[in-house]
Structure formats: structure tokens, C-alpha cells
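Taking it in order: structure first as C-alpha cells, then the write-up.
Where a number appears in this text, it was derived from the coordinates with a stated rule and is not lab data. In this text, all values refer to a predicted model and were calculated from it rather than measured experimentally. With ideal geometry, Cβ positions are generated from the backbone for all residues, glycine too; neighbour counts draw on all protein chains shown.
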């Protein structure tokens, strides 16, 4: 017995000594050499994880240099993340690629290039030699490289760990894309639906929901998808909906509709699983449920519509709703203290919708005084209260893109709903160039797509949508998205426009400057004798005079898609050169951008006044 006790004591002593030895190794200084100097490093030795799993970086841990976690580039970003890595020891150039991102750096320099766009590193890359281990590795700033490859990054100080998470990469067209938009939830009658593996996603301002999980499993509708024909059928007692993957067309109870965006087959790269995703609001309301998007919690809220009780004693305001004016497609009753001038409206034509905002919470009023809809153009009206805006939104959904006009009627407000050209004499399409994945020209971290959008949408809408405007404008994009060249060129025909105006910025050497307007001589469309060339000359002269940029010549570009394939006279304005210092200063100046937007509006209006009407 005494002998066994001695043995156990011996084992315990050995274990304690091992622990002490282990801790002393961890705490021992690390001899490293870089930039021609040898250092005794006794700081944090960081590890790296990818999606919770350790990345093998061997005996060369992450090091903290000037408060930046530096990691071995090849081990982390090539072996760990699966990217490609190259290092030229002569030039010191480092290249790391992953999916659509390419990062170029140089040993000893804080200048980096991400997809050829110049950026500043928090710490220059280094070749670090571990003296005892006799290993030399290229070290780079972990956060900078991680985030610019599209991954998320978090420093866990308690674990001394650089934690990397894979991006949400999906495919719903031809190419894999890193989806950076809203990842939404869905609730049905207050209960959250499990969307593990694929959240709802936003495309063209529309929430796409999983057809099987949401509408079959949660709502109990019948669901069928034919993988060969790509046909989708969702049905219940209220409706049978037929859709096709990659098509906006839908048939509901044998009646054809155009949805705001296509049904999609979306694949999650991480799980390698594919999901049929359909426009949430369209399918939900077609099946007879209520739909609301809650932007605060990023949730599609689906609820069962409760039948109204005829015996209800709720104190609703009385209002005559016996409306018989047949000239209007929609009639809206107004509460006694609300006038037509109190209403605000917003045209969501890209979703086949428009919204009328009534001050205050009037949901109960419109339950008692429902909106009257005549004909089949307007499909439905959804009533909802916005707490942040303190208004009641009447959201109208039409069967296709439609224009609308409000007029004071005997009983409330009447709304004409028709094709744009039936309600407006002057209709134009405005095309802010590039967008989304297509940045266009770049200079000093300024994207062409941003400048064109700021001028032709954010600034120009104040003029084209102003109270004194004589022109109805439609935009090819209303956010940082990339409409295809085909959809841009077809927009004019879709809305019945007279003219098409695209805005771009030029880029060449630093010496090139000025404004030039492009047209396509192979576009033979005219309106009252005005063709694309005449339109280009008119805008060229007006913009140069108003904005003071150098005047260049109009240019015949028969190969440009949006000019060649348009159905109306079309021009492409190259307002100035981002590559020229003087032009760049103006193009990025907020006041000049406003002047440019105003000049484009004025030129359009003057063209109509002079030649078209």
C-alpha cells in the first residue's frame, strides 16, 4: 500500500513539472527577425479559426505588431480559406485571390490594391523569420485581408484568436456572388419559421422566400416543383399559383400577372443545397394572407386575415362610401380632418406598386371605409400603419407597370391608373450608368457608379419629380444594383417613353477632360424629327454652356448596347473624366452634382419645348 502511494505521488510530481514546463514554453520570449532586425517577442501568440474550426498555422503563430494581428499569409488564406497565393521574393509582391477578390501587396509597403483599387494597409506586410525554428514566412494584416476577401472577421481577446467566418455565397444566375444584402426572417401568425441553411434574400427590393418551407410546411399549401421544366405550383383553397424559375410571369387562377422580380433557384455554396425562392408578398397575398415587411427586424410578417364581425361595436368614424364615379380606377375616402393636399404619394413602379400616405393611424377607418377598386388593372390594396412616419400607407399593386394621378373627387380622392403615356405627355427613361457588381471607372476610391447614381437619381429626382416638372421620369435603377444592358434598353418600350438618357463618367490619362455625348447612328428612331444625333448635339451644347466643363465632340458609337437596341432616341452622356484632376474635383463636389442634375433636367425640358411639342 505504501509503495502504491509513493508511485502516485511520483506521477503527480511529474505532471506538475510538465505543466510548469509547458507554461514556461508558452510564456518564453520568441526570437523573430524582420526588416533586418532581431526582436525578442513576448506578446500574444494568436490562433486562427475558420467557421469555428482551427486553421493549421504550424509553429508560426499570429503576432501582434502595432496593435494589428499579423498572420502567415499562405497558411491562412491559401491552405485555410482555399484561395490562391503567390509571393515574388525578388519584387516583394504578394498576391492573394479568392473568388472575385484579388489583393496585391508588397513587403514593406502600406499600399495595397484590391481589385485594382488602391487602399491603405494598417501595417505593412513582412517576411518574418523564426530564429529557433529556422522558418521564414510572409505575414500580412489578418483583418484587412480577411474582410477584403469578403469574409467577416472578429478578434477574440479572451481566446487570443482571429475568428474568420465564411461569407454568404449564393448562386441564382450564372455566377457565384457574395450576398451582402439583408438576410431576412419569416414569421407566420407570430411564430418564427426555421430557415436554417437559407434565409430570405432581397432582390430588386423584393423579399424572396423559400417556397417549400414557408408556403407548404408552415402555411399548409400544396407545393410542387418540376426540376426539368422549372415549373412551380403553389395552391390552397383560395388560389392556384403557377410560376417559372427565372421568369416574372405568374398565373393566378388562370389570370396572368407580372411579378416585381423572378422566382429563383438559389444555391448556398456552403451547404451545396438549392432552394426554390419566390416573391414573398405576391405569393402570400395571392394565397389570401396578409403580408408586411418589417425592416426593423428584417422580417416578412405573414398573418391570417381575420373575418370582420358584423356585430362589432368598435367606435369607427362614419363616412359615406357609396362612390359611383366610374372615371377613376380607385376611389379613396378621406377622414373628415384630412384633405387631398395632406396626402403624400410614392411611385414604386419597379415593383408594380404605388403608395398613398394618409396622416395618422387610419387603419380602423379604412376597415370601415374600404378603398374602392374598379376594373382589373389594380390587383389589390394593402393598408398598414407606419409608426415612425405616423401615417397610414395604402399600397396598391397593379398587374403591370402603371402610372397614376390623384384628383379631388366629390367623395374623397379619385385615382386614374393607366399606361404612363396615357397620363403624361412627356415620358423619359434615365439610366445611371453601371451599378452593383459593375463599378465602372475608379479614381481615388471613387466609383463611377456612385457618381452617376448621385447625379442622375439622388439629385435629378428632385427636379424630374418636382411640383413644377412637366416630365414623368422612370429610372433603370433606384439603388446600387446592376440591371442588365438588355433590361435598360427595353425600359423605354416598357414605359412608353419618348427619350432615353444614360449618364456615365469618362476615364483616360490625366490630360483628357471635358464633356462628350454619345449616340448611335444605327438607332433610327425619331420623335417629331428629333433623332439620337440631334438630341446628342442639343445636350452637348447645353451642358457645356451650363456647367463650364471643356466641350468635346459628340461621338457616334454604334456598338453601345443601350444606344443600339433602344426603341427611342437615346444618348449616353460622358459628363467628365474621373482621371482628370480638375474634372474629378467637380464631379465629386456635391454642389456641382446638383448643378449637373438640374442642367440635365433643363436640357430635357427645353428639348421638348423646342422640338417635340
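Computed quantities for the displayed model
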| quantity | calculated |
| --- | --- |
| Computed E for residue 229/residue 564 - FRET, C-beta separation, R0 30 angstrom, nearest 0.05 | 0.35 |
| Rounded, prolate or oblate (a/c below 1.5 giving rounded, otherwise prolate when a/b exceeds b/c) for the stretch 171-257 by Cα gyration tensor | oblate |
| Residues 45, 488, sorted so that the one with the fewest Cβ neighbours within 10 Å comes first | 45, 488 |
| Antiparallel bridges, percent of DSSP beta bridges restricted to the stretch 423-612 (to nearest 5) | 30 percent |
| Proxy reagent accessibility, fewest Cβ within 10 Å first, across 434, 216 | 216, 434 |
| Kirkwood Rh (inverse of mean 1/r, distinct Cα pairs), the stretch 400-467, angstrom | 14.9 Å |
| Least to most buried among 81, 209 (fewest other Cβ within 10 Å first) | 81, 209 |
| Whole-angstrom gap from the stretch 542-613 to the stretch 334-387, using each part's C-alpha centre | 38 Å |
| Spatial separation of Cα centroids for the stretch 151-203 and the stretch 488-540, in angstrom | 41 Å |
| Descending principal axes extents, the chain, alpha-carbon based, whole Å | 107, 73, 51 |
| Average projected area [Cα convex hull, the stretch 490-552], square nanometres | 5.5 nm² |
| Per residue Cα convex hull volume in Å³ - calculated over the stretch 125-171 | 112 Å³ |
| Computed E for residue 610/residue 336 - FRET, C-beta separation, R0 56 angstrom, nearest 0.05 | 0.75 |
| Sorted largest first, extent of the stretch 335-445 alpha carbons per principal axis (Å) | 56, 35, 24 |
| Fraction of beta bridges assigned by DSSP in the chain that are antiparallel (%, nearest 5) | 80 percent |
| Alpha carbon convex hull of the stretch 37-165, volume per residue in cubic angstrom | 105 Å³ |
| Approximate shape of the stretch 423-612 as ellipsoid semi-axes (Cα gyration tensor, √5λ), whole Å, largest first | 23, 17, 17 |
